[in-house]
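The values are calculated or read from the model by the stated rules, or taken from the named source; none is laboratory data. What you see is a predicted model; the values in this text were computed from it and never measured. Here the Cβ positions follow ideal geometry from the backbone for every residue, glycine too, while neighbour counts run over all protein chains shown.
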Amino acid sequence: MPTVMSAEFTDRARTAATCPMCGTQMGPAGGAPRRHCPTCLAAIHTGEADPAGGCGAPMFATWTRRLHTWVIELRCSGCGAVVHQQAELDGPQPDSMRRIIELLRM
Ligand SMILES: [Zn+2]
Ligand SMILES: [Zn+2]
């Protein structure tokens, strides 16, 4: 059944993925799909990275800022969309604080 196969594929994509930018194996973040790579903070412009939907091109972290929590801005290299995501600092695979500090905009 094609529907079952596609459901399995989606399920796998939600539990693990490989970062296309740095090759990091990304596990799930607290049961939810990861929205960006814990190592380089890049993402793929999909509906998971951007609730408005995405074009499938890589998104790169452009800056971070500390508000009530750490916020990462990502810009899509394909369509230029900009999204803001909360950093994942808990769980088995937290975001790299070193990378977050590198991108910190005072
Ligand atoms: Zn990465
Ligand atoms: Zn895009």
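In the stretch 38-73, what residues are within 18 Å of Arg98 (Cα to Cα) and away from ligand 1 (no atom under 12 Å from the Cβ)? Before the answer, list the steps.
We begin by selecting, within the stretch 38-73, every residue within 18 Å of Arg98 (Cα to Cα); these are 38-43, 60-67, 69-73.
Thr62, Trp63, Thr64, Arg65, Arg66, Leu67, Thr69, Trp70, Val71, Ile72, Glu73 - these are the residues of the stretch 38-73 that are within 18 Å of Arg98 (Cα to Cα) and away from ligand 1 (no atom under 12 Å from the Cβ).
If you go through the stretch 41-55 one residue at a time, do you hit one that is away from ligand 2 (no atom under 13 Å from the Cβ), in a loop (DSSP other than H, G, I, E, B), within 14 Å of Gln85 (Cα to Cα) and at pLDDT 95 or above?
There is at least one residue in the stretch 41-55 that is away from ligand 2 (no atom under 13 Å from the Cβ), in a loop (DSSP other than H, G, I, E, B), within 14 Å of Gln85 (Cα to Cα) and at pLDDT 95 or above.
Taking the stated definitions as given, is Thr69 surrounded by fewer than 12 Cβ atoms within 10 Å (Cβ to Cβ), touching a residue at least 12 places away in the same chain (Cβ under 8 Å) and more than 13 Å from the chain's Cα centre (by Cα)?
Yes.
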